[in-house]
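Asker: Take a look at this one; I'll ask things after.
Just so it is clear, none of the values below were taken in a lab; they were calculated from the coordinates. The shown structure was predicted, so the numbers you read here are calculated from the model rather than taken from an experiment. Here the Cβ is made from the backbone with ideal geometry for all residues, glycine too, and neighbour counts use every protein chain on show.
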Amino acid sequence: MLICASHSPLMLVNMPPSTESSQEFFKHLSEAKKRIKIFDPELIVIFGPDHFNGFFFDLMPSFCIGIQAETTQDWNLQKEKLKVPSEISMECINFVRKMDVDVAFSWNMKADHGISIALHQLTESLTSYPVIPIFMNCAAHPRPSFKRSRIFGNAVGQYLATLNKRTLIIASGGVSHDPPTPRFEFSPLNLRQRLVDRHVASTEELKKREQNVINAANLLVKGEGPCLPPNPEWDHQFINNLIDFNTHELDNISDEEIDEKVGFGGHEVRTWVSAVSAMRAIEPCTIKLDYYDVVPEWITGMGMISSI
């Protein structure tokens with residue numbers, strides 16, 4: 001089973017709704033949750049990004065598979081040790097490497113809201129099921145290309161096909177959004193050093209950072225900057241190419257295109273490409289669009305697709 005879904009930490013905050021679109025997203029989230037409960041996965045594999053809470057510029061892999069992992073406490077989320085089946089994670093790492101795809105691994109992965117929001121929203125608990133967390137670098141230049149992201153997902157999927165388990169594949173992130181995430185090349189020297197030195201933010205620092213995001217969302221609702229508004233036209237084209245698995249178009253998405261048209265957070269759609277590629281490596285599948293709309297108070301084009 002496959003689900004790719006946008007996340008926004010602002011859905012955890014009591015943001016005044018500007019339209020009914022946020023409630024529609026929650027409705028589809030609830031329907032997905034029911035489907036997952038019926039499916040009763042024996043394993044969850046989740047492709048997700050990080051927002052400089054677990055991965056930093058001192059050592060930034062393109063891809064990293066968690067052998068053991070715990071969640072971070074950004075956005076007041078609960079710190080929890082994930083139920084990672086370590087032997088399966090290690091087998092996956094070895095299999096992917098034999099497919100000539102280099103992947104990092106971690107015995108102590110820190111998974112921030114890029115992974116934990118989706119797990120919590122779709123399964124109601126961070127520990128409901130065994131889960132393999134897979135980090136994809138979507139925030140730190142240089143990122144893996146979209147073609148490499150597709151090839152990586154395919155290798156993971158070929159491994160999952162050998163398990164004979166009911167496996168739920170989740171992609172968390174995207175679609176278009178432009179949050180005030182630190183850009184290393186445009187940051188002052190002191191912030192650059194914190195991004196390099198693996199500086200884990202204090203509760204006070206997290207609150208300040210998160211308030212900046214809330215302020216940016218309030219401005220976007222009014223039609224003001226600094227964030228680029230979501231781009232529904234680009235989002236729909238991307239989703240259509242993903243559903244059709246038009247690899248030529250997907251492989252040729254560039255960082256420059258994302259920055260110009262989609263926003264800094266839009267780089268997270270790499271997780272969708274990897275997840276769909278993994279699903280298609282397991283078995284032929286039909287994918288449908290469950291939901292798409294812009295939620296201004298979440299600063300995001302919120303989308304959800306799933307396998308039929």
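Asker: Which FRET efficiency value, to the nearest 0.05, do you get for residue 255 and residue 164 by plugging their Cβ-Cβ distance into 1/(1 + (r/R0)^6) with R0 = 45 Å?
Answerer: Values: r = 38 Å, r/R0 = 0.84.
Computed FRET efficiency for residue 255 and residue 164: 0.75.
Asker: Still on this structure, please answer the following. Nothing charged except the Cβ atoms of Lys and Arg (+1) and of Asp and Glu (-1): what's the magnitude of the dipole of the chain about its Cα centre? Round to the nearest 20 debye.
Answerer: Taking the Cα centre of the chain as origin, the dipole is about 740 debye.
Asker: Please compute the Kirkwood hydrodynamic radius of the range 213-308 from all pairs of different C-alpha atoms, in Å with one decimal.
Answerer: Numbers: mean 1/r = 0.0697 Å⁻¹.
After inverting the mean inverse Cα-Cα distance, the result is 14.3 Å.
Asker: Now a separate question. For the range 93-200, what does the equivalent ellipsoid look like in terms of its semi-axes, each the square root of 5 times an eigenvalue of the Cα gyration tensor, given largest first in whole Å? Before the final figure, lay out the partial values.
Answerer: Numbers: eigenvalues 153, 71, 39 Å².
Whole-Å semi-axes of the equivalent ellipsoid: 28, 19, 14.
Asker: Which FRET efficiency, nearest 0.05, do residue 94 and residue 245 yield, Cβ-Cβ r, R0 25 Å?
Answerer: Values: r = 27 Å, r/R0 = 1.07.
Calculated transfer efficiency: 0.40.
Asker: So how much slack lies between residue 308 and residue 203, counting 0.36 nm per residue of separation and subtracting their Cα-Cα distance, in nm? If you can, show how the numbers build up before the last one.
Answerer: Details: separation 105, 0.36 × 105 = 37.80 nm, distance 4.15 nm.
Full extension of this stretch gives 33.6 nm more.
Asker: Give the calculated FRET efficiency between residue 79 and residue 141 to the nearest 0.05, with a Förster radius of 41 Å applied to their Cβ-Cβ distance. The partial results should precede the final answer.
Answerer: On the way: r = 29 Å, r/R0 = 0.71.
For residue 79 and residue 141, the calculated efficiency is 0.90.
Asker: Once the convex hull of the C-alpha atoms of the range 1-125 is built, how many Å³ does it hold per residue, rounded to a whole number?
Answerer: On the way: hull volume 15.6 nm³, N = 125.
It is 125 Å³ per residue.
Asker: Going by amide H atoms built from the backbone, whose H comes under 5 Å of the H on residue 132, apart from near neighbours?
Answerer: Residues meeting the criterion, in which the H sits 1.01 Å from N, are 44, 45, 46.
Asker: How high is the relative contact order of the chain, in percent, with contacts defined as C-alpha pairs under 8 Å that are six or more residues apart?
Answerer: So the answer I get is 30 percent.
Asker: Can you give the log10 of the normalised intensity I(q)/I(0) at q = 0.07, 0.11, 0.12 Å⁻¹, computed with Debye over equal Cα scatterers of the range 2-307?
Answerer: -0.23, -0.60, -0.73
Asker: Now, a different point. Below 12 angstrom from the Cβ of residue 280, what's the summed charge of the other residues (Lys, Arg +1; Asp, Glu -1)? Can you show the working numbers first?
Answerer: Numbers: positive: 150; negative: 244, 283.
Overall, the nearby charge balance is -1.
Asker: For the range 89-194, which GluC sites (Glu not before Pro) pass both filters: DSSP loop (anything but H, G, I, E, B) and at most 12 other C-beta atoms within 10 Å? The partial results should precede the final answer.
Answerer: Values: sites: 91, 124, 185; in loops: 124.
Passing sites in the range 89-194 are 124.
Asker: What ranking, highest mean first, results for peptides 32-38, 268-274, 202-208 when packing means the other Cβ atoms within 10 Å averaged over each residue? Kindly include the intermediate steps, with their values, before the conclusion.
Answerer: Values: 32-38: 14.3, 268-274: 29.6, 202-208: 11.4.
Highest mean packing first, the order is 268-274, 32-38, 202-208.
Asker: Go through 113, 139, 160 and say which Cα lies farthest out towards the positive end of the charge dipole of the range 2-307; charges sit on Cβ, +1 for Lys and Arg, -1 for Asp and Glu.
Answerer: 160
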